[in-house]
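Engineer: Let me begin by handing over the structure; questions about it come next.
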Amino acid sequence: MLSAVNSRAVVGLVAAAAVAGVAVLAAGFAWRLFEDPPTYDPNTALSEQCDDVPDDAERITLSRPDGMTLGAALVRPPDARIGVVLRQGAGQTLCEWLPWAGELAGATGARVLLFDRRGRGSSPGEADLTAEPADLAGAVTLLRDRGIDEVGLVASSMGNSVMFSALGHGQVSPPPCAVVAISPVLTSSDTAGTVDGTSMEGLPDNVWVAYEDKNDSIIAGADLIESRADELGVSPPHLLPVDTADHSIGLVQNHDEVREFVVDAIGSC
């Protein structure tokens, strides 16, 4: 038989193992939440999806020809002449960008549209990166159908592959009045396929690129945009290298000069 001391030791070991097991399960659960966050119905109120919603933000939806409905938000003024379609990065939803979209709308007088990519946020369903260039073009059409004269495109991180692919395939017509690339990632893939934005066909004369200069792959993306502009005979892009490793939304949130740069870009429309 076990002594009282040994019995207590065994009980202690069992308890410790149980605690460790709970910790492992909890960690696994947290990882699953991080990898596969919940989605919302596209008509869910913005205040139920996002913590910080500008007063003039409106929930809208973007219906696609394949039957998918994407959850979106429109930050107005309603009498805007210029519109902006904002294409965020892979792991983000419109919630991360909505507060800054409100700031951008206020600073430029533009109407800003942003939407959740397939399978994330308020766009439940199967993810399909290859469908996203057409989704972006659909957002541009929606703005123009609502009376917008000129549309600028702003993309961050992986969103750049989508934006430049849409331009390269002539899906945005007439061309945007400005293209803004933040932390440009120009090629991206998922299980549905690859989106390659490196051809830069359809590149307009008014391109702006803000990027972190402590990330070699992002620097390479910015350099490629500059070289493609030269090859295509369009105006050289406006470049803003920032002395940081901050990426995507971090580059915008943490650096005043980046926010001012984007305001100037949209103001050039």
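The values are calculated or read from the model by the stated rules, or taken from the named source; none is laboratory data. It should be emphasised that the depicted structure is a prediction, and the values quoted were computed from it without experimental measurement. We place every Cβ from the backbone using ideal geometry, glycine too, and count neighbours over all the protein chains shown.
Engineer: Would you please name the residue that is farthest from Val140 (Cα to Cα), looking only at residues in the range 41-61 that are in contact with a Pro (Cβ under 8 Å, 6 or more places away or on another chain) and touching a residue at least 60 places away in the same chain (Cβ under 8 Å)?
Structural biologist: Asp41
Engineer: Is it the case, given these coordinates, that Gly202 is at pLDDT below 95 and of a type outside the set (A, V, I, L, M, F, W, C)?
Structural biologist: It is true that Gly202 is at pLDDT below 95 and of a type outside the set (A, V, I, L, M, F, W, C).
Engineer: Let me ask you something else. Hey, could you check the range 37-52 for residues that are assigned to a loop (DSSP other than H, G, I, E, B) and among the acidic types (Asp, Glu) and say which is surrounded by the fewest Cβ atoms within 10 Å (Cβ to Cβ)?
Structural biologist: Checked the range 37-52; the qualifying residue surrounded by the fewest Cβ atoms within 10 Å (Cβ to Cβ) is Asp51.
Engineer: If a residue must be of a type in the set (Ser, Thr, Tyr) and either modelled with pLDDT under 95 or within 29 Å of Thr108 (Cα to Cα) (or both), how many such residues does the range 172-188 contain?
Structural biologist: Result for the range 172-188: 2.
Engineer: Right, next: Cβ-Cβ distance below 6 Å, separation of 6 or more or different chains: which pairs start in the range 63-75 with a residue that is more than 9 Å from Leu114 (Cα to Cα) and end on one that is among the aromatic types (Phe, Trp, Tyr) and part of a strand (DSSP E or B)?
Structural biologist: Leu70/Phe115
Engineer: Can you give me the ranges of the strands (runs of 3 or more DSSP E) entirely in the range 147-196 with at least 1 residues that are touching a Lys or Arg at 6+ places or on another chain (Cβ under 7 Å) and either among the aliphatic types (A, V, I, L, M) or in contact (Cβ under 8 Å) with a residue 40 or more places away in the chain (or both)?
Structural biologist: Strands (runs of 3 or more DSSP E) meeting the threshold: 150-156.
Engineer: Can you pull out every residue in the range 186-204 that is surrounded by fewer than 24 Cβ atoms within 10 Å (Cβ to Cβ) and either touching a Gly at 6+ places or on another chain (Cβ under 7 Å) or hydroxyl-bearing (Ser, Thr, Tyr) (or both)?
Structural biologist: Thr187, Ser188, Ser189, Thr191, Thr194, Thr198, Ser199, Met200, Glu201, Gly202
Engineer: Restricting to the range 205-248, give me the number of residues that are crowded, with 19+ Cβ neighbours inside 10 Å and within 19 Å of Ala178 (Cα to Cα).
Structural biologist: 14
Engineer: Kindly evaluate Ala166 against the criterion of being crowded, with 24+ Cβ neighbours inside 10 Å and farther than 23 Å from Gly71 by Cα.
Structural biologist: No: the conditions fail for Ala166.
Engineer: Another question, if that's okay. Exactly one condition in (1) buried (at least 18 other Cβ atoms within 10 Å of the Cβ); (2) within 16 Å of the chain's Cα centre (by Cα) is not met by Ala80; state its number.
Structural biologist: (2)
Engineer: Does the range 88-100 contain any residue that is buried (at least 22 other Cβ atoms within 10 Å of the Cβ), in contact with a Lys or Arg (Cβ under 9 Å, 6 or more places away or on another chain) and under 15 Å from Arg146 (Cβ atoms)?
Structural biologist: No: the range 88-100 contains no residue that is buried (at least 22 other Cβ atoms within 10 Å of the Cβ), in contact with a Lys or Arg (Cβ under 9 Å, 6 or more places away or on another chain) and under 15 Å from Arg146 (Cβ atoms).
Engineer: Exactly one of these conditions fails for Ala72: (1) in contact with a helix residue (DSSP H, G or I) (Cβ under 8 Å, 6 or more places away or on another chain); (2) surrounded by 21 or more Cβ atoms within 10 Å (Cβ to Cβ); (3) farther than 21 Å from Ser161 by Cα; (4) not β-branched (Val, Ile, Thr). Give me its number.
Structural biologist: Among (1) in contact with a helix residue (DSSP H, G or I) (Cβ under 8 Å, 6 or more places away or on another chain); (2) surrounded by 21 or more Cβ atoms within 10 Å (Cβ to Cβ); (3) farther than 21 Å from Ser161 by Cα; (4) not β-branched (Val, Ile, Thr), the lone unmet condition for Ala72 is (3).
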